[in-house]
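Data first, discussion second: the structure below is written as C-alpha cells.
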Amino acid sequence: MNDWLNKPWVIRVISLILALLIFTVIRFDNQDSNGDALRLDLFSSSQETQIVNDVPINVKLDDKYAVSGVPDTATITLEGTVSVVQSTATQRNFDVFVDLEDLEPGTYTVPLEYEGISDRLNVTIDPEVIEVTIEERASAEFEVKVDYTNENLLAPGYELQEASVNPSTVKITSSKSVIDRISVVKAFVDVEGIQESVEIEDVKIRVYDSEGNELSARIEPETVDVMINVDNPNKSVPVSVQTTGETPDGIKITSITPNKEEVQVFASETDLEGLTEIETEAIDLSDINEDTSIEVNLNQLEYVRLINPNTIRVNIKVDREIKTTFEDVSIEIKDVDNPYTASFVEETSGAVDITVSGYESKLGKIEASDLSVSVDASDLNPGKHELPIDISAPEGLNISLARETVTIRIE
C-alpha cells in the first residue's frame, strides 16, 4: 500500500480530486450565504414548495412622479430543494419590486420582479402583473384632526375636551389626483380608561377621502403627539324620594328619609345647570306595614354620565292605628242651678266605659285623666232627666262611649 502511494501519478490524481472538491464547496459558499445548507444539496435531492406571504413591494420610480395602484405586499411561492427553499424563506434576503423608472405619466400593466433569490429555485409572484397609474407628483399641507376610539369606555364621569396636536399640520405627497381627493387627515387615539389629561406620543396619521376610504400617500411626519384633555364636571344634587300606591288600612307614613340628602352627579356643564334634583325609583307604599329601610336606585337621566352613589337607603317610619278602652271614667254633672242639687239615678250611672282609637304615636300617651266626661244640668227643673253624655278629648282620636246618655235627678 505504501509503495502504491509513493508513486507520483497517484499523488497527483488524489490532489486533483481534493482540489475539485474544495473548489466546489467554495463556489457554493459564494453563491449562497448559507453554505452549510447548500453543501447538503450535494447529497440531497428532496424537493419542497413554500409560500411566503406579505412580502413588501418596492417601487423604482423617478422622484418627480407619483404612482398609484401598487399593492403593499405580494405573495412569493418558492420551489426547489428543501435546504435552499427553507433558508430563502426564513432569511427573506430578497426584494420584490416594480420598475417604473423609464415610464412617462400614464396607465400601464407591468410585471412584478424579484432579486436576491437563488436561480436554483422556481419563483412565482402573486400577482404577476399589476396595473399602475403614473402621475406628476404633488404636495400639500393638511391640518390633523383627532378622532377617538373606545370613547364609550372612557372612565366614568369624564368627558373629552378639545385635543391639541403637535405638529398640527403634516405635509402629504402623492399624485395630484390623490391630493385632490383628500378630505380629512386624522390621528386616532384610544381613550379607554383615561382619567386625566395625558399626552399620547407617536400617533399614526391616516388619510381619507370624502367617502371614508383610506388613501395611500407619503406623510411627513408619519406620526404626531396628541394632548388629550379630559374633565369631569359634577355637582351635588338633592335627592327626591318618589312613592306610589297607598298604605294599608290602619298604617300611616310619618316620615320618609333618605340616608343621603344629596348625591354627586356627573354630566356636561350645560346639563348640570338645569338639574335641580335626582329622583329615586318609586317606592310602593302598599307593601309598607312597619318601620323599614329600603335600598332604592336613583333614576339615571339620559344625559347624566354618572351618579355617585347610584343607590341610596330610604328609612320609612309608620304609625299604626290602635284601640284602647278606659273603664269607669267618672261623669261630671255641670251647671246645676241654685238652689238645686243633682245626683245620678243609679249608683253605676256616674261612670262610663270609653273606647278610644287612634294612631299609636298619640294614643300611647293618653290616660283616662285626659278625657273629660260630663252632662249639662243647666236650666233643669226638679225631677228626673235623661241627658246626653259630653266628652272632651285630644284631637285626632276616635271616641266611642259604652252608652250615650245618663239619667240624673234634680232636687
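The values are calculated or read from the model by the stated rules, or taken from the named source; none is laboratory data. Just so you know, these numbers come straight off a predicted model, no measurement behind them. Positions of Cβ are generated from backbone atoms using ideal geometry, with glycine treated the same way; all protein chains shown enter the neighbour counts.
Brief remarks follow.
- Residues (part of a loop (DSSP other than H, G, I, E, B) and aromatic (Phe, Trp, Tyr)) located in segment 139-163: Tyr158
- Cβ-Cβ under 6 Å pairs, at least 6 apart or on other chains, segment 206-229 side under 15 Å from Ala187 (Cα atoms), far side of a type in the set (Phe, Trp, Tyr) and surrounded by 15 or more Cβ atoms within 10 Å (Cβ to Cβ): Glu214/Tyr208
- Whichever residue in segment 284-314 is among the charged types (D, E, K, R) and within 17 Å of Gln242 (Cα to Cα) and, among such residues, is farthest from the chain's Cα centre (by Cα): Asp287
- Lone unmet requirement of (1) touching a Phe, Trp or Tyr at 6+ places or on another chain (Cβ under 7 Å); (2) farther than 22 Å from Pro71 by Cα; (3) not small (Gly, Ala, Ser) for Val185: (2)
- Which listed residue, of Glu79, Glu136, Glu113, is modelled with pLDDT under 90 and either surrounded by fewer than 13 Cβ atoms within 10 Å (Cβ to Cβ) or at negative phi (or both): Glu136
- A count restricted to segment 389-403 and to residues that are modelled with pLDDT of 85 or more and exposed (fewer than 11 other Cβ atoms within 10 Å of the Cβ) stands at 1.
- Yes/no for Glu141 being within 27 Å of Asp54 (Cβ to Cβ), surrounded by fewer than 17 Cβ atoms within 10 Å (Cβ to Cβ) and over 32 Å from the mean Cα position of the chain (by Cα): no
- When Lys145, Lys176 are checked against the criterion of being farther than 30 Å from Ser268 by Cβ and not aliphatic (A, V, I, L, M), Lys176 stands alone in meeting it.
- Taken over segment 82-110, the criterion of being in a loop (DSSP other than H, G, I, E, B) and surrounded by 15 or more Cβ atoms within 10 Å (Cβ to Cβ) is satisfied by Phe94, Leu100, Leu103.
- In the set (1) in contact with an Asp or Glu (Cβ under 7 Å, 6 or more places away or on another chain); (2) of a type in the set (Val, Ile, Thr); (3) over 29 Å from Asn234 (Cβ atoms); (4) surrounded by 15 or more Cβ atoms within 10 Å (Cβ to Cβ), Ile333 fails one condition alone, (1).
- Pairs linking a residue in segment 238-266 that is outside any strand (DSSP E or B) to a residue that is hydroxyl-bearing (Ser, Thr, Tyr), with Cβ atoms under 6 Å and 6 or more positions apart or on different chains, are Val241/Thr280; Gln242/Thr280; Gly245/Ser286.
- Residues of segment 226-237 satisfying the condition of being assigned to a strand (DSSP E or B) and of a type outside the set (D, E, K, R): Val226, Met227, Ile228, Val230, Asn234, Ser236, Val237
- Contacts under 8 angstrom Cβ, first residue in segment 297-308 being touching a residue at least 24 places away in the same chain (Cβ under 8 Å) and buried (at least 16 other Cβ atoms within 10 Å of the Cβ), partner outside any loop (DSSP other than H, G, I, E, B) and of a type in the set (D, E, K, R), 6 or more apart: Leu298/Glu279; Val304/Asp271; Arg305/Glu159
- When Gly350, Gly358 are checked against the criterion of being at pLDDT below 90, more than 27 Å from Ser378 (Cα to Cα) and surrounded by 15 or more Cβ atoms within 10 Å (Cβ to Cβ), Gly358 stands alone in meeting it.
- Residue within segment 280-288 that is of a type in the set (Asp, Glu) and not in a loop (DSSP other than H, G, I, E, B) present: yes
- Residues within segment 361-370 that are hydroxyl-bearing (Ser, Thr, Tyr) and surrounded by 13 or more Cβ atoms within 10 Å (Cβ to Cβ), tallied: 1
- Conditions (1) within 30 Å of Glu290 (Cα to Cα); (2) in a helix (DSSP H, G or I): number failed by Ser357: (2)
- The requirement of being surrounded by fewer than 12 Cβ atoms within 10 Å (Cβ to Cβ), in contact with a strand residue (DSSP E or B) (Cβ under 8 Å, 6 or more places away or on another chain) and among the polar types (S, T, N, Q) is not satisfied by Ser197.
- Checking the stated criteria, Thr124 turns out to be surrounded by fewer than 17 Cβ atoms within 10 Å (Cβ to Cβ), polar (S, T, N, Q) and in a strand (DSSP E or B).
- Tally, over segment 257-275, of residues that are among the small types (Gly, Ala, Ser) and within 15 Å of Gly157 (Cα to Cα): 2
- Taken together, the residues in segment 379-411 that are touching a residue at least 24 places away in the same chain (Cβ under 8 Å) and touching a strand residue (DSSP E or B) at 6+ places or on another chain (Cβ under 7 Å) amount to 22.
- When the residues of segment 54-95 are filtered to those that are free of Cβ contacts under 8 Å to residues at least 24 places away in the same chain and out of contact with any Ser or Thr (no Cβ under 9 Å at 6 or more places or on another chain), the one that is farthest from Pro111 (Cα to Cα) is Thr90.
- Segment 208-224, residues that are within 30 Å of the chain's Cα centre (by Cα), outside any loop (DSSP other than H, G, I, E, B) and exposed (fewer than 15 other Cβ atoms within 10 Å of the Cβ): Glu214, Thr223
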